[in-house]
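S.K.: Can you keep this structure in mind? I'll have questions shortly.
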Amino acid sequence: MASLEEKISQLDKNRIPVHVAMIMDGNGRWAKSRGFIRSDGHAEGVSTVHRVTKFSSDIGIKYLTLYAFSTENWNRPKEEVDTLMFLIGWAIERELPELLENNVRIHLLGDIERIPDEARERLFYARNATAHCTGLQLNMCLSYSSRWEITDAARKLALLAAEGKLNPQDITEKSISDNLTTSGIPDPDLLIRTGGEYRISNYLLWQIAYSELYFTPALWPDFSDEDYVDALLDFQSRERRFGKTSDQVQQNH
């Protein structure tokens, strides 16, 4: 079996995805399988976020988007939600010095105003403190869902139309993209979901129209650098056609 270093050497550095999005699934199951409470799994998952962010930066990925908390997650038991909010605020504060050292910029996506004050203040502080960084952009999706995002964009466009500032006939795909929370961010090249589930869970539905999808049985706390490289190697083995034929892709290449 190839070592991590050998697998990394197999990567084509010219075909590293620009943008990787991740659905971090399996914290609760990881904890339950070990006789722990769910919040222990979320705490362990923070360490994986640290490793994945560092590896993404080191390997040359420009954008990493993590599904940290969905709008649907507000329906979970209050104790678990409170723990998650605490962990999000605590983790971003703990990681800030290393994020700055590694030139990582924090960007927040979602209905951030719903986040409790203490966690939101820490998130805003980290975002502002890293605004000058020019390396990896770490997009954190918090109180986010794609249907919420698209509905919000439609509302903005409808308001412009009602005010006479936009002709409905002039609405294009770009108009919609420009009014999403991901405006200015390239669409993900690769979406990775851990935890063995095969669904998208209301995540970046507009943006992943042509993303490559990769599902792994590894629970998020167990997701290793080797698992990550396996996903990248699988990505590089695929032919991305964007609606064209293989012959057209080869000719353009």
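S.K.: Fully extended, how many nm does the chain gain between Asp178 and Leu100 (0.36 nm per residue separation, minus their Cα-Cα distance)?
M.R.: 25.2 nm
S.K.: DSSP H helices in the chain with Cα extent of 20 Å or more along the helix axis and mean Kyte-Doolittle hydropathy at least 0.0?
M.R.: Sorted by number, the helices that extend far enough and score high enough are 78-101, 146-162.
S.K.: Can you give me the orientation-averaged projected area of the convex hull built on the Cα atoms of the chain, in nm²?
M.R.: Convex hull of Cα atoms, orientation-averaged projection: 16.3 nm².
S.K.: A further question on this structure: In the chain, what percent of the accessible surface is made up of carbon and sulfur (1.4 Å probe, ligands and nucleic acids excluded)?
M.R.: Carbon and sulfur atoms account for 50 percent of the accessible area of the chain.
S.K.: At 1.4 Å probe radius, can you tell me the per residue accessible area of region 124-253 in Å²?
M.R.: 54
S.K.: Right, next: Considering Cα pairs under 8 angstrom that are at least six residues apart, work out the relative contact order of the chain and quote it in whole percent.
M.R.: 27
S.K.: What lysines sit close enough to Lys32 to cross-link, taking a C-alpha to C-alpha distance under 24 Å and skipping anything fewer than 8 places away on the same chain?
M.R.: Hits, sequence-local ones excluded: Lys78.
S.K.: Rg to Rh for region 74-168: what is it, with Cα atoms only and Rh by Kirkwood?
M.R.: Checking Rg against Rh, the ratio lands at 1.09.
S.K.: A follow-up question, please. Compute the Rg/Rh shape ratio of region 162-202: radius of gyration over Kirkwood radius, all on alpha-carbon atoms.
M.R.: The Rg/Rh ratio comes out at 1.18.
S.K.: Also: Between Asn73 and Lys32, take the C-beta separation as r, use R0 = 30 Å, and let me know the FRET efficiency to the nearest 0.05.
M.R.: The pair Asn73/Lys32 has a calculated efficiency of 0.95.
S.K.: To continue, here is another question. Rounded to two decimal places and with Rh computed the Kirkwood way over Cα pairs, what is Rg over Rh for region 69-124?
M.R.: Using only Cα positions, Rg/Rh for region 69-124 is 1.00.
S.K.: Mind checking which lysines have their C-alpha under 27 Å from Lys62, skipping anything on the same chain fewer than 8 residues away?
M.R.: Once the sequence-local lysines are set aside, what remains near Lys62 is Lys7, Lys13, Lys54, Lys174, Lys244.
The values are calculated or read from the model by the stated rules, or taken from the named source; none is laboratory data. Owing to the predicted nature of the structure, the values given are computational and were not obtained by experimental measurement. Note that each Cβ is placed from the backbone with ideal geometry, even for glycine, and that neighbours are counted across all protein chains shown. Ligands, DNA and RNA are excluded from the accessible area calculation, which covers all protein heavy atoms including side chains. Shrake-Rupley method; radii C 1.70, N 1.55, O 1.52, S 1.80 Å.
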